[in-house]
1. List the aspartates and glutamates whose Cα sits under 13 Å from the Cα of LYS95, skipping any in the same chain fewer than 8 residues away.
2. Which label belongs to the value computed from this structure, given these candidates for semi-axes √(5λ) of the Cα gyration tensor in Å: (i) 36, 20, 18; (ii) 26, 25, 18; (iii) 32, 25, 20?
3. Can you tell me what percent of all Cα-Cα pairs in the stretch 62-135 are more than 16 Å apart?
4. Go through the stretch 13-72 and name the GluC sites (Glu not before Pro) that are in a DSSP coil and have 13 or fewer other Cβ atoms within 10 Å of their Cβ.
5. Work out the length of the dipole vector of the chain about its Cα centre, built from +1 on the beta-carbon of each Lys and Arg and -1 on the beta-carbon of each Asp and Glu, and round it to the nearest 20 debye.
6. With the other protein chains left in place, how much accessible area per residue, in square angstrom, belongs to the chain at a 1.4 angstrom probe?
7. Cut-off under 12 Å on the C-alpha distance; same-chain residues fewer than 8 positions from LYS36 excluded. Which aspartates and glutamates are left, in chain and number order?
8. Find the relative contact order for the chain and round it to a whole percent, using C-alpha pairs within less than 8 Å whose residues are 6+ positions apart.
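The values are calculated or read from the model by the stated rules, or taken from the named source; none is laboratory data. Just so it is clear, the structure is predicted and the values come from calculations on it, not from any experiment. With ideal geometry, Cβ positions are generated from the backbone for all residues, glycine too; neighbour counts draw on all protein chains shown. Accessible surface areas use protein heavy atoms only, side chains included; no ligands, DNA or RNA. Shrake-Rupley method; radii C 1.70, N 1.55, O 1.52, S 1.80 Å.
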Amino acid sequence: MDTYLWRVVAAEMPASFEPEALRAQAVCARTYALWKMAGGTHGEGEVCDRSACCQAYLTPEAAQARWGELTGAWTERIADAVADTDGQILIYGGKPIQAVFFSSSAAETEDARAVWGTELPYLVSVDSPEGEEVPNYHSVVEVTAEELRTLAKERGLGADLSGDPAAWWGQPVRTPSGRVEEISLGGVTMSGGAVRTLLGLRSACFTVEERDGVFTFSVTGYGHGVGMSQYGANAMAKAGSTWQDIVSHYYTGVTIEKRIPAE
């Protein structure tokens with residue numbers, strides 16, 4: 001587990017982050033791995049190295065190529081985060097939680113129900129401090145009317161994208177955290193997450209404006225918005241929070257326990 005966790009933390013969080021943020025990440029990664037293992041969804045092995053399925057994974061060789069002369073220091077920094085939290089996991093209802101995380105949030109995280117349609121009592125919206133150092137915290141994506149028409153056709157959306165492009169998008173319905181819950185495109189209602197996927201936006205916290213046949217999407221944050229914000233965790237660590245403070249803030253009502261997986 002320690003070998004696996006080092007590779008996950010190295011891939012998922014910048015090694016330059018505060019030690020307490022890295023410890024929080026190690027606990028989340030350990031907990032998520034145990035949650036995934038309990039599901040028994042893999043035909044071979046209990047977890048994999050694909051972020052779309054389990055968690056991202058970085059070998060020491062790839063880490064060295066990425067970190068260069070800082071390899072020694074960053075290697076030790078992450079190893080310490082894993083060792084310092086040895087066996088610690090997040091528990092709700094007697095079981096490891098689905099300890100999801102993401103890069104950066106707007107002012108609040110999001111409810112799991114709003115993103116995935118599944119309500120989990122420990123994955124609810126909470127305030128999230130985001131430091132000014134967040135890369136591309138505000139991003140812009142431009143899409144022409146013709147590009148949007150082509151994408152909608154390729155995805156089989158059935159949207160009526162005729163007439164004035166200024167009328168294609170409806171007024172968004174937003175979640176309490178400010179993300180787009182749903183919005184209509186050519187008479188077809190889409191979730192904010194579906195729009196994000198369709199157009200490659202960094203998050204579902206966006207606004208859209210049309211001018212001369214070009215749609216401009218102004219986006220805040222990066223990721224699905226559920227669970228722990230990594231940049232928020234780093235901001236909390238800089239302000240003096242411990243890893244226990246961080247995970248208890250982002251995962252409502254959990255307990256922290258030291259458990260050794262059964263052989």
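1. Cα-Cα hits under 13 Å: GLU257.
2. This structure yields the entry labelled (i).
3. Details: 1864 of 2701 pairs.
In whole percent, the long-distance tail amounts to 69.
4. Numbers: sites: GLU20, GLU44, GLU46, GLU61, GLU69; in loops: GLU44, GLU46.
The qualifying sites are GLU44.
5. Details: 20 positive and 35 negative charges, 94 e Å.
Dipole size: approximately 460 debye.
6. Details: 12810 Å² over 263 residues.
Dividing the accessible area of the chain by its residue count gives 49 Å².
7. Excluding near neighbours in sequence, the set is GLU46.
8. Values: 464 pairs, mean separation 68.4, N = 263.
Rounded, it is 26 percent for the chain.
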